[in-house]
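Computed from the coordinates by the stated procedures, all read-outs in this text should not be read as laboratory data. Here the structure is a predicted model, which means the values were calculated and not measured. As a convention, Cβ positions derive from the backbone with ideal geometry for all residues, glycine included, and neighbour counts pool all protein chains shown.
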Amino acid sequence: KAGVTQTPRYLIKTRGQQVTLSCSPISGHRSVSWYQQTPGQGLQFLFEYFSETQRNKGNFPGRFSGRQFSNSRSEMNVSTLELGDSALYLCASTFGVNTEAFFGQGTRLTVV
Amino acid sequence: QKEVEQNSGPLSVPEGAIASLNCTYSDRGSQSFFWYRQYSGKSPELIMSIYSNGDKEDGRFTAQLNKASQYVSLLIRDSQPSDSATYLCAVKKSTGFQKLVFGTGTRLLVSP
């Protein structure tokens, strides 16, 4: 069974640009969550999607957005990039409500 | 007070010893608890989940949960140098669907 796939693995963007990250969950998993990991703040919850609906959102500015498609694949978008957005962005896939979350390999975003 | 607290370490143990990692959480209604292992530059890997009070064993790993004390621990028996990593405690809150709240992680160093 394939795991969670995130693309691209690495990105370098310039301040002010926008970026789109992609996540394909484990087959059969309908919930996709996104997290940001930085050395200073650790792992922070961004948002969660289930059946194409955002069910929960973390405390991040509106520049961070996402969506989920009918095949459960999800994308997240960051507009007007800031230096502080440099981080490892992780996608987690979950089957049910109180079940385990499995992470993809992440996308390392560097904003210069 | 942080929602999930861990000692950042490093926790140093000799090869073959038992490593004990601890985590406390603030939301008394939390239902699900997880331990992730994260190697430097990699994404978190789920190693244990626990949902009810008591112990849960899986190979060399034992997770312990005490909801009354709001305390979760992970014991690693016969520690190996390959266990050297950061161990993240994650808690799924009683509300918030799939949102995981992470501790900052404990860095474990196992010396040969």
- Square roots of 5 times each gyration tensor eigenvalue, C-alpha, chain B, largest first, Å: 23, 15, 12
- Message: Above 20 Å lies some portion of the pair distances; for chain A, what is it as a whole percent of all C-alpha pairs?
- Response: 34 percent
- Note on the structure: Both in Å, the radius of gyration and Dmax of the C-alpha trace of segment A:1-48 are 13.0, 38
- Electrostatic dipole magnitude of segment B:42-86 [Cβ: Lys, Arg +1; Asp, Glu -1; Cα centre; debye, to 20]: 120 debye
- Over all residues in A:48-60, what is the mean tally of Cβ atoms on other chains that come within 10 Å of each residue's Cβ? 2
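Please compare each pair in B:2/B:92; A:13/B:93; B:2/B:42; A:57/B:67; A:13/B:42 to a cut-off of 23 Å on the Cα-Cα distance and tell me which ones are over it. Show your work: numbers first, answer last.
Values: B:2/B:92 14 Å; A:13/B:93 34 Å; B:2/B:42 25 Å; A:57/B:67 26 Å; A:13/B:42 21 Å.
With Cα atoms farther than 23 Å apart: A:13/B:93; B:2/B:42; A:57/B:67.
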- Message: Connecting C-alpha atoms closer than 10 Å in a GNM of chain A, tell me which of A:55, A:73, A:30 has the biggest fluctuation.
- Response: A:55
- Message: I'd like the mean, over residues of B:98-106, of how many other protein chain beta carbons sit within 10 Å of each residue's own Cβ.
- Response: 6
- Query: How large is the charge dipole for chain A, taken about the Cα centre, if only the Cβ atoms of Lys, Arg (+1) and Asp, Glu (-1) carry charge, to the nearest 20 debye?
  - Reply: 140 debye
- Going toward the positive end of the dipole of chain B, with +1 on Lys and Arg Cβ and -1 on Asp and Glu Cβ, which of B:74, B:102, B:59 do you reach last? B:102
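Over every pair of different alpha-carbon atoms in the protein assembly as shown, take the mean of 1/r and invert it; report that Kirkwood radius in Å. Walk me through the numbers on the way to the answer.
On the way: mean 1/r = 0.0556 Å⁻¹.
Taking the inverse mean of 1/r over all distinct Cα pairs, the protein assembly as shown comes out at 18.0 Å.
Just checking the output field for A:99-110: average partner chain Cβ neighbours within 10 Å of each residue's Cβ? Mind showing how you got there, number by number?
Numbers: counts 5, 8, 11, 5, 7, 1, 2, 4, 0, 1, 0, 0.
That works out to 4 on average.
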- Message: Test of understanding: ordering A:85, B:78 by Cβ neighbours within 10 Å, fewest first, what list do you get?
- Response: B:78, A:85
- Query: With +1 on each Lys and Arg Cβ and -1 on each Asp and Glu Cβ, how big is the dipole of the protein assembly as shown about its Cα centre, in debye rounded to the nearest 20?
  - Reply: 540 debye
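Expressed as a whole percent, how much of the Cα-Cα distance distribution for segment A:52-112 exceeds 13 Å? Show your work: numbers first, answer last.
On the way: 1310 of 1830 pairs.
The proportion of pairs with Cα distances above 13 Å equals 72 percent.
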- Message: Just want the ordering: B:91, B:13, from fewest to most Cβ atoms lying within 10 Å of their own Cβ.
- Response: B:13, B:91
- Tell me, what is the percent relative contact order of chain B, built from C-alpha pairs under 8 Å that lie six or more residues apart? 37 percent
- Simple SL model, points at 7 angstrom along Cα→Cβ for residue A:5 and residue A:70; separation in nm is 2.0 nm
- Task: With a ≥ b ≥ c taken as the square roots of the eigenvalues of the C-alpha gyration tensor of segment B:47-89, please select rounded if a/c is under 1.5 and otherwise prolate if a/b is larger than b/c or oblate if it is not?
- Result: prolate
